[in-house]
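Enquirer: Quick one: the structure is below, and I'll ask about it shortly.
The values are calculated or read from the model by the stated rules, or taken from the named source; none is laboratory data. Since the structure is predicted, the reported quantities are computational estimates derived from the model, not experimental observations. For neighbour counting, all protein chains shown are included, and Cβ atoms are generated from backbone atoms with ideal geometry for every residue, glycine included. The accessibility values were calculated without ligands, DNA or RNA, using every heavy atom of the protein model including side chains. Shrake-Rupley method; radii C 1.70, N 1.55, O 1.52, S 1.80 Å.
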Amino acid sequence: MSSTAIKKRGIAIAVARKDLTIEWNSRILVNQVAPFAAIVMVLFAFALDNDGILQRVAPGLVWLATLFSMLVVIQRSFTVESADGALDALRVAGVDMGAIFVGKAIALMVQLFVLELLLVATAVVLYGVEMTMAGFCEAIVTLVVATVGLGSVGTLYGGLAAGARGRETLLPLLLLPVVAPVLIGATRATEAAFGSGGTTVSEGWPWIGLLLVFAVLFCAVGTVAFGPLVDE
Amino acid sequence: MARQSGTGTSATRRLGILVILMLAGLALCGLWFSAEDVVQGSTVRIMYIHVPSIWTAYIAFGLTAVCSAVYLSGKNRSLAWDRFAGAAGEIGVLFVAVSLVTGSMWGRLTWGTYWVWDARLTSTAFLFITYVGYLAVRQLGGTHRQRARRSSVLALLAILEIPLVHFSVTLWRSLHQEASVANPNAKVALDGLMLFSLFLGLVAFTLLFVWLVLHRQRAMMLEDAFSDRGLDLAITARRNEAGA
């Protein structure tokens with residue numbers, strides 16, 4: 001491996017570690033985002049109070065709650081950067097933007113994964129979802145692949161919206177249409193894993209393929225496009 | 001130098017007159033001369049606006065992508081490309097909106113409902129929202145170069161994203177009527193005048209698009225020049241203040 005590649009990896013790990021340390025010290029995810037996601041799940045139950053419906057639509061609700069919570073996490077991730085001009089400082093220091101993208105995306109993925117695990121557990125408890133062992137494995141694979149896609153695309157668009165006026169309102173407008181394939185694929189794969197509506201576990205794997213295409217595409221594009229998108 | 005008012009030139013004025021004549025011809029052919037459809041009755045007349053408007057929107061978004069790519073790849077990075085991309089994006093959003101509205105009117109008369117969750121409808125709605133987002137990013141502020149760079153990258157991302165959204169929505173569900181005229185396997189024979197009206201619509205809307213883009217990008221050039229001038233004036237005023 002060349003020395004620049006090692007250097008980039010070092011930057012990515014340093015950025016990811018910094019973001020996760022900030023999160024660990026501030027506990028925003030645990031104290032604010034996770035309760036927000038939980039209350040969204042409870043509100044879904046109020047809105048769809050009907051025997052059987054909740055269990056059938058549980059996979060979609062898990063992913064909707066994930067997307068809404070993700071918006072909060074991304075905004076938090078970039079408020080940290082733009083508040084003291086940290087991103088500008090890194091840029092001026094000549095740090096590779098692709099490496100920063102990878103680092104921030106990894107930190108976002110870790111946080112999202114924790115959040116999704118909590119949401120699936122909430123669905124199992126609140127909505128009475130029952131899973132087989134094979135379904136459980138499929139659910140874990142779905143979570144991992146979908147999280148990689150969401151983390152990379154979220155970091156890409158989060159970087160664009162950071163440092164701009166009115167970014168709080170701009171991010172959902174930009175991001176939610178893009179993540180529609182993840183919502184569709186992850187919901188169908190999770191349905192198969194949960195066995196909602198009589199689906200079987202094997203029906204979920206093609207949808208995981210769709211999620212994989214999305215994840216690979218946006219990881220690659222994000223590394224290239226993040227630099228130009230973030231302000232000069 | 002002759003004083004020029006507005007954004008028109010003699011060429012765009014001629015083009016504008018041609019577009020008005022063609023649109024008048026389209027209205028006559030579509031509403032008056034062409035026959036009713038055997039199955040759909042008069043509702044088929046919506047097609048003469050619906051199909052050309054979505055066609056124009058596709059041309060517009062294609063132009064946005066091409067101009068964005070040229071802007072990013074060009075050595076001198078001329079802002080003219082960015083203005084063309086932005087102008088085409090704005091007009092594309094307008095035409096997608098027209099096709100969504102006319103489409104749902106047609107759907108109400110034919111299917112009995114304004115909206116169905118069909119693949120093509122849903123991905124067209126996503127197309128609309130995506131470019132509304134693109135226009136919002138253009139309004140973010142900053143320098144013209146920042147705007148150009150951000151929005152060009154975003155336009156290229158949209159080109160990546162749209163097929164993926166379309167593909168996944170198609171997997172999700174599909175019941176839209178297959179393309180009738182452009183489909184070589186379809187045995188749909190349109191009446192001669194109906195076909196003529198449809199193609200007249202396509203040409204008229206395409207020329208209308210060209211006319212609108214030319215004017216809009218000139219208006220954008222004036223807006224950019226105006227904001228630059230405002231900045232220059234502000235700097236001069238501050239200098240004078242400091243000197244006084």
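Enquirer: When the dipole is taken about the Cα centre of the range A:3-229, and only Lys, Arg (+1) and Asp, Glu (-1) are charged at their Cβ, what size is it in debye, to the nearest 20?
Expert: Dipole magnitude for the range A:3-229 comes out near 740 debye.
Enquirer: Choose one of A:LEU64, A:LEU115, A:LEU171: the residue whose Cα lies farthest towards the positive end of the charge dipole of the range A:3-229 (beta-carbon charges +1 Lys, Arg; -1 Asp, Glu; about the Cα centre).
Expert: A:LEU171
Enquirer: List the residues of the range B:129-160 whose accessible area drops by at least 20 Å² when all protein chains are present, compared with their chain alone, using a 1.4 Å probe and counting only protein heavy atoms.
Expert: When all protein chains are present, B:ILE129, B:GLY133, B:ALA136, B:VAL137, B:LEU140, B:GLN146, B:ARG149, B:ARG150, B:VAL153, B:LEU154, B:LEU157, B:LEU160 each give up 20 Å² or more of accessible surface.
Enquirer: Shifting gears a bit: Under the Karplus relation 6.51 cos²θ - 1.76 cosθ + 1.60, θ = phi - 60°, what is the ordered set of whole-Hz ³J(HN,Hα) values for the range B:142-158, x standing for Gly and Pro?
Expert: x, 6, 4, 5, 4, 4, 5, 5, 4, 6, 5, 4, 5, 5, 6, 4, 4
Enquirer: Please state the shape class of the protein assembly as shown: rounded when a/c is under 1.5, otherwise prolate if a/b exceeds b/c and oblate if not, all from the C-alpha gyration tensor.
Expert: In terms of gyration-tensor shape, oblate.
Enquirer: At 18 Å minimum axial length over the Cα atoms and a Kyte-Doolittle cut of 0.0, report the qualifying DSSP H helices in chain A, or say none.
Expert: A:34-47, A:53-83, A:97-126, A:133-161, A:180-194, A:205-229
Enquirer: Counting only protein heavy atoms and using a 1.4 Å probe, what share of the accessible area of the range A:3-229 belongs to carbon plus sulfur, as a whole percent?
Expert: 69 percent
Enquirer: On to the next question. Given a 1.4 Å probe, how much area per residue of the protein assembly as shown is accessible, in Å²?
Expert: I get 49 Å² per residue for the protein assembly as shown.
Enquirer: Please work out the ratio of the alpha-carbon Rg of chain A to 2.2 N^0.38 Å and round it to two decimals.
Expert: 1.04
Enquirer: Which order do the peptides B:18-28, A:212-222, A:104-114 take when ranked by the mean count of other beta-carbon atoms within 10 Å per residue, highest first?
Expert: A:104-114, A:212-222, B:18-28
Enquirer: So how far apart, in nm, are the two label points at A:ASN25 and B:GLN40 if each is 7 Å from Cα heading toward Cβ?
Expert: Result for the modelled spin labels: 6.4 nm.
Enquirer: Using a Förster distance of 51 Å, how high is the FRET efficiency between A:THR169 and B:ASP232, based on the Cβ-Cβ distance and rounded to 0.05?
Expert: The calculated FRET efficiency here is 0.95.
Enquirer: What total accessible surface area, summed over both chains, is buried at the interface between chains A and B, computed with a 1.4 Å probe and given in Å² to the nearest 100?
Expert: 2300 Å²
Enquirer: Please list, in order along the range B:101-106, the HN-Hα scalar couplings obtained from phi with the Karplus expression 6.51 cos²θ - 1.76 cosθ + 1.60 (θ = phi - 60°), rounded to whole Hz, x for Gly and Pro.
Expert: So the Karplus estimates, Gly and Pro as x, are 5, 5, x, 6, 5, 5 Hz.
Enquirer: Determine how large the accessible area of B:TRP55 is when every protein chain is in place; take a 1.4 Å probe and give Å² rounded to the nearest 10.
Expert: About 110 Å², ignoring ligands and nucleic acids.
Enquirer: In addition: Using 20 Å as the cut-off for backbone N distance, which residues of the range B:118-161 belong to the label zone defined by a point 7 Å from the Cα of B:LEU171 along Cα→Cβ?
Expert: B:118-127, B:158-161
Enquirer: Calculate the FRET efficiency for B:ALA97 and B:ILE159 from the Cβ-Cβ distance with a Förster distance of 25 Å, rounded to the nearest 0.05.
Expert: Calculated transfer efficiency: 0.80.
Enquirer: Sorting B:ASP118, B:ASP228, A:ASP84, B:ASP37 by accessible area (1.4 Å probe), largest first, what list results?
Expert: I get A:ASP84, B:ASP228, B:ASP37, B:ASP118, largest accessible area first.
Enquirer: If you take the beta carbon distance between B:ASN240 and B:THR143 as r and set R0 to 35 Å, what does 1/(1 + (r/R0)^6) give as a FRET efficiency, to the nearest 0.05?
Expert: The computed FRET efficiency comes out at 0.90.
Enquirer: Follow-up. Per-residue accessible area for A:GLU203 at 1.4 Å probe radius, Å² rounded to 10?
Expert: Rounded to the nearest 10, the figure is 90 Å².
Enquirer: Of all accessible surface on the range B:1-70 at a 1.4 Å probe, what whole percent is carbon and sulfur?
Expert: Taking all protein chains in place, the range B:1-70 shows 72 percent carbon and sulfur surface.
Enquirer: Let me ask another. Once both labels are modelled 7 Å past Cα along the beta-carbon direction, what's the B:TYR114-A:ALA134 spacing in nm?
Expert: 4.5 nm
Enquirer: Say each of A:ARG56 and B:VAL203 gets a label point 7 Å from the Cα, pointing the same way as Cα to Cβ; how far apart are those two points in nm?
Expert: Going by the 7 Å Cα→Cβ label model, 5.3 nm.
Enquirer: Please go through the range A:111-145 and write out the GluC sites (Glu not before Pro) that DSSP classes as loop and that have at most 13 other C-beta atoms within 10 Å.
Expert: Sparse-neighbourhood loop GluC sites (Glu not before Pro): A:GLU130.
Enquirer: Another question about this same structure. Which residues of the range A:204-232 end up with at least 10 Å² less accessible area in the presence of all protein chains than when their chain stands alone, using a 1.4 Å probe?
Expert: Buried by 10 Å² or more upon assembly, which counts only protein chains, are A:TRP207, A:LEU210, A:VAL213, A:PHE214, A:LEU217, A:PHE218, A:VAL221, A:ALA225, A:PRO228, A:LEU229, A:ASP231, A:GLU232.
Enquirer: Suppose we keep just the alpha-carbon trace of the range B:66-151; what are its Rg and Dmax in angstrom?
Expert: According to the Cα coordinates of the range B:66-151, Rg and Dmax are 16.6, 54 Å.
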